[in-house]
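Here the structure is laid out as structure tokens; the discussion comes afterwards.
The values are calculated or read from the model by the stated rules, or taken from the named source; none is laboratory data. Note that the structure is predicted; figures quoted are calculated from it, not measured. Note: accessible area is taken over every heavy atom of the protein model, side chains too, but ligands, DNA and RNA are not part of it. Shrake-Rupley method; radii C 1.70, N 1.55, O 1.52, S 1.80 Å.
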Amino acid sequence: MDFALTLLRNSPSPLHQQLYEELRQAILGGRLLPGRRIPSTRQLAKSLGISRTTVTQTYDQLLSEGYIETVLGSGTFVCTQLPDDLLRSTPISSTEKMTRPPVKLSKYGDSLIQTKNVPRIPEPEMPINFRYGRPALEQFPIKLWRKLLSHYCCSDLQWLDYSRDILGYKPLREAISRYLCRSRAVNCEPDQVLIVNGTQQALDLIMRLFIEPDDVIAMEDPGYLSARLIFQTHGAKLLPISVDDSGLIVKDLANNSNEQIRLVYVTPSHQFPTGAILSLPRRLELLTWARQTGAFIIEDDYDSEYRYGDKPIPALQGLDRSDSVLYIGTFSKVLFPSLRIGYLVLPKSLISVFARGKWLSDRHLPLLEQQVLTDFIEEGHLERHIRKMRSLYDQRRQALVKALNVYFGDKATILGEKAGIHLMVRLHSPFSDQEIIQRAASHGIGMMSAGPHYLIPHSQGEFIFGYGELTQQQLMESICTIAQILFSPE
Ligand SMILES: Cc1ncc(COP(=O)(O)O)c(C=O)c1O
């Protein structure tokens, strides 16, 4: 009988032990069925090139444990009654699957299965891609980052252990709270800052701590698709609130007094995706409404560092006097998205419950990156990098606006303020969004329709142009190409 067994001569485990395991697994896994003859000790020793004593020792053990039996004058066989309870049922061959009752998932699990776009459909690889939210990664000061990383790798090895601080590395929380006070007028102490794995985890935690199925969350329409997907998969009922040039129309929230709104999600500094900025009267109106109704405001301040020409708009959180705001920030835009470090600034009364939820869910973020980021902020590199990038993105933004004006003229309407790293543009063309995307793709240009970000289906023709990672030349050339394929088709 040819029987493939793997024995490693330089393994620390003795040969007879390896042989025992291999044969036992072959029997358990159904490769050797009950009643099947197995080779004699002499044959097996010869075919494996090992001593007969080794094989005899192994067989003795299998015999004593009841895996095999000898029949005088006939040979050695796999026992028909196997010892392990597990095997009392019919053995299976390694290719045959055993059936089990259908999987019963939780409501959350079911909703994940039913939700489209989770995970996000990967964008097709294109030489030019207007995908939103991507910084110019090649500008990242990688040498400096590497230097900080190697400094921490070689010094105190405390970072290898579990963190002692369940809110996140304390010096990082201190650095972030100082940075937020100075640059975003956020009102907070370090102990209100919870370090999270990006905006996405902050939203997930908020859902788990606040939302029961069918609770109502109001959100900007159009609004950030990834936030909406989290809200929906947690079973929330979504209430779309329209957006105009001054951001969320707050009176529409108040007009829904019959709904018990638990949370409202807003991007006040740079509405995603329209680019509107929530006006001061509306900010005050929103805070008053939240205080009166007991709802919480989720402020997603994802790219407010980039405002061109004017001073950055202070965060809504800084105006809050009633602990109504859950403020979220991220390093995905100002540094790089795979860093997966963001922060949630919490009212003091909520710190403990959020810290517990975070700790139970994933303990904490890697300490090494938190230490490096702390130094990056404290040594002034973060703000220096932001200043440099602001000027670069401003040039790119101007190039995009110019290209749209030159090549589209009145066939394109640019929405939004001078901020962020994307523009929303209404294209007035005879084609559907899908046709525009396909035509652009056939010329190596990736375009993104704003359609999926609407809760209430909306007229076609709106596109998000992320320009952060494209050079001025790429922007000019690609907009020229898009205009040609839409208005002078071959
Ligand atoms: C509105 C909005 N919020 C937040 C983020 C960043 O998410 P994260 O911090 O999970 O990378 C993005 C990314 O594109 C975004 O568009």
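A compact table of results
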quantity	calculated
Mean projected area (nm²) of the alpha-carbon convex hull when segment 322-400 is viewed from all directions	7.5 nm²
P(r) tail fraction, segment 256-358 - alpha-carbon pairs more than 18 Å apart, %	53 percent
For segment 157-248, average projected area of the Cα convex hull in nm²	8.2 nm²
Residue-normalised accessible area of the chain, expressed per residue, 1.4 Å probe, Å²	49 Å²
Accessible area (Å², 1.4 Å probe, nearest 10) - HIS428	80 Å²
Accessible surface of LEU344 - all protein chains present, 1.4 Å probe, nearest 10 Å²	0 Å²
Helix-derived mean residue ellipticity, 222 nm - over the chain, DSSP H n ≥ 4, -39500 (n - 2.57), to 500	-12000 deg cm²/dmol
With all protein chains modelled, accessible area of CYS154 [1.4 Å, Å²]	110 Å²
Kirkwood hydrodynamic radius of segment 384-487, from inverse mean 1/r over distinct Cα pairs, in Å	14.1 Å
Mean-position separation - Cα centroids, segment 380-411 and segment 267-287, in angstrom	22 Å
Percent RCO, i.e. relative contact order, over segment 384-487, from Cα pairs under 8 Å lying at least 6 residues apart	35 percent
Anchor LYS388: lysines whose Cα lies under 22 Å away (excluding residues fewer than 8 positions away in-chain)	LYS143, LYS147, LYS311, LYS333, LYS402, LYS418
Cα-derived Rg to Rh of the chain, Kirkwood definition	1.15
Volume per residue of the C-alpha convex hull in segment 389-443, rounded to whole Å³	98 Å³
Quotient of C-alpha Rg and 2.2 N^0.38 Å, computed over segment 140-380	1.02
Under the Debye formula (equal points on every Cα, no solvent term), log10 I(q)/I(0) of segment 221-314 at q = 0.12, 0.18, 0.20, 0.23 Å⁻¹	-0.37, -0.83, -1.02, -1.31
Gain on full stretching of the segment that runs from LYS388 to ARG42 - 0.36 nm per residue minus C-alpha separation	116.8 nm
Stokes-Einstein translational diffusion, segment 14-78 - Kirkwood Rh over all Cα pairs, 1.002 mPa s, 20 °C, in µm²/s	182 µm²/s
